[in-house]
Every structure is written in structure tokens, then in C-alpha cells.
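Coordinate-derived values only; no laboratory data. It should be emphasised that the depicted structure is a prediction, and the values quoted were computed from it without experimental measurement. Every residue, glycine as well, gets a Cβ built from its backbone with ideal geometry; the counts of neighbours run over all protein chains shown.
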Amino acid sequence: MGEEQFVTITLPSKGLAYEDPSTGTIQVRPFKGRDEALLAELTLDNAKKKFVTIIKNVIKGIDPEKLTSGDVQYILLWQAINSYNRDYPIQLVCEHCLKNIQVVCDLSKINSVELSDDFVQPIVVKLSNRTVQLRLLTLNDEISEFDWSVQGKSTYFYLYALSIVDEKMDLLAKLSMLEDMSPSDLNVIRETLKKYDHGPDMITPYICPLCEYEGKIELPFRYEKLFSFSKQP
Ligand SMILES: [Zn+2]
């Protein structure tokens, strides 16, 4: 095995969502051929589980399953830029001339949203008739949601149930609490989690080749687009 070229990066969660805050800074190395071989086997069904293996091979400092969803996206975007190139070809409708165009967006222009320094977990949320405590979702939660859906079960409340921190309640009790909750209380939970969204915002500028309008587009976070080895639009 050759020498591993690890570099230090600071995750958008800054470690504030982890038990050990020093894990906000981790080491990562660009992909190698063997990582690409794993990537090439990604399908919708196995994507998240495979990511654990792929990420485990390229980072040091944290268990990939514990990473927040925002940090996972940040690491994958870093890989797309540093292991391939900054190009993200896409077809879109120009906001100005309304024609279909093909542009190549620059992944390096994407900003990352960081958790604010005063973030603490669990997040205490006041609902109409009770208080709940929430935590941010992780890659492990997303894998667990996928396994739940494979069993044919509804995933509508699943991630929200996982985000509730309460040692006295098991998962089914949390799910049933959510099912009995008012839509406005549900919305408070949803909005609270959304408020702490972090990671790449996926917005990049483009210039229309037909009318020269300078617009912005939110790129879909699609693995096959970030890592496609030919990068066709
Ligand atoms: Zn245009």
C-alpha cells in the first residue's frame, strides 16, 4: 500500500452534535481506485450502507455512522471536488430566457452552512402541552430508516421518532406519540430540525450560454452526478 495523503478538515457540525466535540475536525484523504470500485457498485438500495464502508476507508477521527447527515454530505462533496473535478454538468431552464440549456456548474462555489457555536444537544422544544428533547439525525438513522422501509413499514414519522431523546420511551412509544400529536406540534418538531440543517447548500451560479444571464441554481445532491466518472449532463 502506498502512502496515505490525509488532510485535516473541519466539519460543518463543528463537532457540536457529537459526544466528543474534538471530532468536529477530522482527517480525510481523496478516493483511490479501490474506493471508486466500491462507488461503482452503489445502487439506490445499498447506497447508504455502502457509504459507511466507503467513508470509513477515507476518514480518521470519527465513526462514519455517527456523522450527521449534513457532515456526510460535506465529506462526499469534498470527495467529488478533490477526487474528481469541480464540474457538475446539468440541464436546466434559464430563469431569464426560459430556454433549455446545458451548463457546467462549479462545485467549489458551493457554500457550506455551519452549526452555530451555541448549538447544544439535546435541543429542548416546547410543544403545546409538553416539552420534548431532540437530537440531529445521523447516517446511522438514515440506514435504519431504509431498513424500516424495506420491512414495508411507514417511514412518515420514523426519523422524527429517532430524533426524540427520551430514555423512558422505546421507538414504538415515540412513533405512537407522534401519531397522536397535533399537526401544529409536528410542525414545530419539523421546523426545529430544519433550523439546524447544516452542510453544503448546493447553490451555485451559472451563466446562460444563450442570453448571458447570470443565475443561481440549487444542484440536486445526487451521488451519481457528483461521482459519475464521465460526468455527462
Ligand atoms: Zn438564458
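Here are a few things to note about the model shown:
- Rounded to 10°, Cα long-axis angle of helix 47-58 versus longest principal axis of the chain: 70
- Close amide-amide hydrogen proximity is noted between ILE217 and THR204, TYR206, each under 5 Å apart and 5 or more residues distant or on a separate chain (H modeled in the peptide plane; Pro and chain starts excluded).
- Measuring from each cysteine beta-carbon in the chain, the ones with no other cysteine beta-carbon under 4.7 angstrom are CYS105.
- Sparse-neighbour loop sites [GluC sites (Glu not before Pro); segment 123-194; at most 13 other C-beta within 10 Å; DSSP]: GLU167
- Distance between modelled label sites at GLU191 and ILE203, nm, 7 Å Cα→Cβ extension: 2.0
- Whole-angstrom gap from segment 81-123 to segment 48-69, using each part's C-alpha centre: 22
- For LYS153 and ASP20, the FRET efficiency from 1/(1 + (r/R0)^6), where r spans their Cβ atoms and R0 equals 41 Å, is about 0.80.
- Reference-scaled alpha-carbon Rg (2.2 N^0.38 Å with N residues) for segment 123-195: 1.06
- Degrees between helix 69-79 axis and first principal axis of the chain (Cα, 0 to 90, nearest 10): 20
- Estimated inter-spin distance, VAL7 and ASP45, nm [label 7 Å along Cα→Cβ]: 3.7
- What the phi angles of segment 189-200 give under the Karplus curve with 6.51, -1.76 and 1.60, with θ = phi - 60°, is a coupling list of 4, 4, 5, 4, 5, 5, 4, 9, 4, 9, x, x Hz, glycine and proline written as x.
- Table column - 3J(HN,Hα) (Hz), segment 121-138, Karplus curve with 6.51, -1.76, 1.60, x for Gly and Pro: 10, x, 8, 8, 10, 8, 9, 4, 10, 6, 10, 10, 10, 10, 10, 6, 7, 10
- Residue by residue, segment 27-39 carries 3J(HN,Hα) couplings of 10, 9, 10, x, 4, 10, x, 5, 6, 4, 4, 5, 4 Hz when phi is fed to the Karplus relation 6.51 cos²θ - 1.76 cosθ + 1.60 (θ = phi - 60°); x denotes Gly or Pro.
- With a simple spin-label model that places each label point 7 Å from the Cα along the Cα-to-Cβ direction, the separation between MET169 and CYS211 comes to 5.0 nm.
- Residue separation of GLU36 and LYS60 scaled by 0.36 nm, minus their Cα-Cα distance, works out to 6.8 nm of gained length.
- Here the gap between ASN85 and ASN100, fully extended at 0.36 nm per residue and compared with their Cα-Cα distance, gives a gain of 3.0 nm.
- In this entry, the chain is assigned a mean projected area of 15.4 nm², taken as a quarter of its C-alpha convex hull surface.
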